[in-house]
Each structure stands twice: as C-alpha cells, then as structure tokens.
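See below for the structure under consideration.
The values are calculated or read from the model by the stated rules, or taken from the named source; none is laboratory data. Small disclaimer: the values here were computed from a predicted structure and weren't measured. Every residue, glycine as well, gets a Cβ built from its backbone with ideal geometry; the counts of neighbours run over all protein chains shown.
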Amino acid sequence: MFFPISGLHIDPYYLVGVGFIIGILGGFFGVGGSFLANPALFAVGVPMNFVVGTDISHILGKSIVAVRKHRALGNVDLKLGLIMAFGTITGGEFGAMLIKSLTKRGNVNQVVGVVSIIVYVLIASFMAWEGWKTIQMRAKNKRAAPRAPVKEDESAIAHVAQRVQRIRLWPMVSLPTSGIAGISLWTIVFCSAISGFFSGFLGGGAGYIRMPTLVYLLGVPTHLAVGTDLFEIVISASYLTLSHAWKGNVDILIALVMHTGAAIGAQIGAQCTQFFSGSKIRLAFAPLPLIGAAIVAWKLWHGQAGGH
C-alpha cells in the first residue's frame, strides 16, 4: 500500500498487527507504546520525523479507547491527569521544536535513534531492578508475618515518593482518588514536563517515563497510574498531533491504519490489568523497552538511517 504523505510503500497488515500489539500493551501498562511502535515504523523505512509525529497521532486514537475502559474500572484520577497535561504540553512543544531543528540539519534519524536506545535501556533496567526487589521484599515480609495482609501495590523504593510528597512548595494540591493528601503542584508539573519533552522528541505518549514517574516519584498506585497516564495522553497527544502536523511530521494515513488494530488491542489490555498486582505489572513491563532499543540499534547498525 502506498502512503503519499511520507512517500512510502508499507504492508497494511503489518501496520494493523503493530497497532494491535501496541494497543494491548498500552491498555495494560498505561503507555503509548512508542518504545515499540517507533522502532517498528523505523524498521520499514519511515523517516524518524514522520515516526515521531505519526506515532503520536496513532496513540491519540488508541488512548481514547483504552481510557474509556479504565474509567469504567475506576482507574483514572481526572484531577491529576488534568494538572499533568499542562506540563506535558509545555515539555512536548520543546521536544517537537528540537525534532524540527534536527530535521533541517539532516541528522534527526541518528540523534533520535541513539537517544531512544539510551532512554529505553535505562527505563527497562530500572523497572526490572525495582520490580524484582519489590517481589523479594514481599516474600521476605510474608515469611516474617505470614498472616499479615498483603499490600498489592507496595514498592521497594516507596520512600522516594514519600520524600517527594513532603516537598512543601506552594500551592499544594490533594489527590483523594490516588490517596495522596497533599503534594506540590509544581512537583506534578515538573515531572509531567520531563515526560512531555520525551513525548515530543521521541514520539508517542512517553508513558514509559510517565508511568514510572507516577508510581515511583508521586506515589500513585500502579493501576491508577496506568489509567491516569492514558487519560493525560488523550489531552497532550491531541495538542502534540496538531503541533507535529503543522511542522509536517504526520502521515495520518499510516496512523489510521495502525489504529484499526490498536482500538481492539487497547480494550483487551485494559481488561487484563484487573488480574495482576502492581509489582507484577511493573516487572512485566521491564523487558519491552529493550525490544524497541534492539530494533533501533539494528536499524542504525545496518546503516539504513538517514537515507543510507
């Protein structure tokens, strides 16, 4: 199938299949799936500026489907999502501007490719370490107190979020849905701006950064972090899709073909979250960015980046 906007021939069944897999992962982990969608598009010759912009537009449609399901399951903190959207949009615009600058210089594929590999490996390594430590901690606690109630969403580094919540920088906000009595508004905005930058720069919703940030820095329960992240992506991705489209980085036809598979997968993934504890969801997520990093590295290694 020929896609005139990007000028490429791509098998539509490949795009539907990629969308379906990304939809399942997005609904289950609360991420846009760009750590796999971006390498999958890059691997079939889509230039990195189109990869970034197109993936964001595809993720918008998929997230709308997934967040409806999570909302029905009670996994969305609307107040937190609305606050985070402000920071994400601000950071995302800076990322999109950097993509535009690199495209003009002609080295967008190499720079974005290398940065994405580094980010994916770091995120995967950290979540694998934390997930394993948490499971070990829970096993130790169970041996010490067999009859004690099990805390399904406890984390081995829960003290980090507790310290962040003690930062008293006015104005303070309460998040009753997430069980947070008080946290600085600027802490939320700063964390979301960082993930927003990577969303605009690497594509997708940057849930691979935002979801861990919600859990480890803000102290949001994992199931709520999944649904809230998807809700926030709907808002921020709407803006970033328009921003990248204005800059000429979106092939809307590729995004629509991918969405046909993603819409189905997102509902399946969202439904599956209720059968797993938070620590198991986080541990299961860890290997996925490594797959994306491997695909990008393979593409760059074979000298196909940048039109070579």
For this session: State all residues of the stretch 57-73 that are crowded, with 24+ Cβ neighbours inside 10 Å and modelled with pLDDT of 80 or more; if no residue qualifies, say none.
Result: 57, 67, 70
Exercise. Given (1) at pLDDT 90 or above; (2) within 13 Å of residue 255 (Cα to Cα), where does residue 81 come up short, assuming only one miss?
Worked result: (2)
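Can you go through 15, 82, 25 and tell me which one is among the aliphatic types (A, V, I, L, M) and within 14 Å of the chain's Cα centre (by Cα)?
Working: 15 fails: within 14 Å of the chain's Cα centre (by Cα); 82 fails: within 14 Å of the chain's Cα centre (by Cα).
Criteria check complete, one pass: 25.
Out of 76, 46, 65, report the one residue that is in contact (Cβ under 8 Å) with a residue 12 or more places away in the chain and assigned to a helix (DSSP H, G or I). Give the derivation first.
Numbers: 76 fails: assigned to a helix (DSSP H, G or I); 46 fails: assigned to a helix (DSSP H, G or I).
Among 76, 46, 65, only 65 is in contact (Cβ under 8 Å) with a residue 12 or more places away in the chain and assigned to a helix (DSSP H, G or I).
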Exercise. Taking residue 95 and the conditions (1) modelled with pLDDT under 80; (2) over 25 Å from residue 159 (Cβ atoms), which numbered condition does it fall short on, given that it satisfies the others?
Worked result: (1)
Problem set entry | Residue satisfying condition, being buried (at least 22 other Cβ atoms within 10 Å of the Cβ), at pLDDT 85 or above and in a strand (DSSP E or B), within set 183, 254 | 183
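For the stretch 27-38, enumerate the residues that are under 19 Å from residue 76 (Cβ atoms) and modelled with pLDDT under 70.
29, 30, 31, 32, 33
Which members of the stretch 107-132 meet the condition of being at pLDDT below 80 and either more than 13 Å from residue 287 (Cα to Cα) or surrounded by 20 or more Cβ atoms within 10 Å (Cβ to Cβ) (or both)? Outline the logic, then answer.
We begin by selecting, within the stretch 107-132, every residue at pLDDT below 80; these are 127, 130-132.
127, 130, 131, listed by residue number.
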Seminar exercise, completed: All conditions in (1) in contact with a strand residue (DSSP E or B) (Cβ under 9 Å, 6 or more places away or on another chain); (2) surrounded by 24 or more Cβ atoms within 10 Å (Cβ to Cβ); (3) farther than 23 Å from residue 24 by Cβ are true of residue 192 except (1)
Problem set entry | Subset tally (residues that are touching a residue at least 60 places away in the same chain (Cβ under 8 Å) and either surrounded by fewer than 16 Cβ atoms within 10 Å (Cβ to Cβ) or of a type in the set (Gly, Ala, Ser) (or both)) for the stretch 237-246 | 4
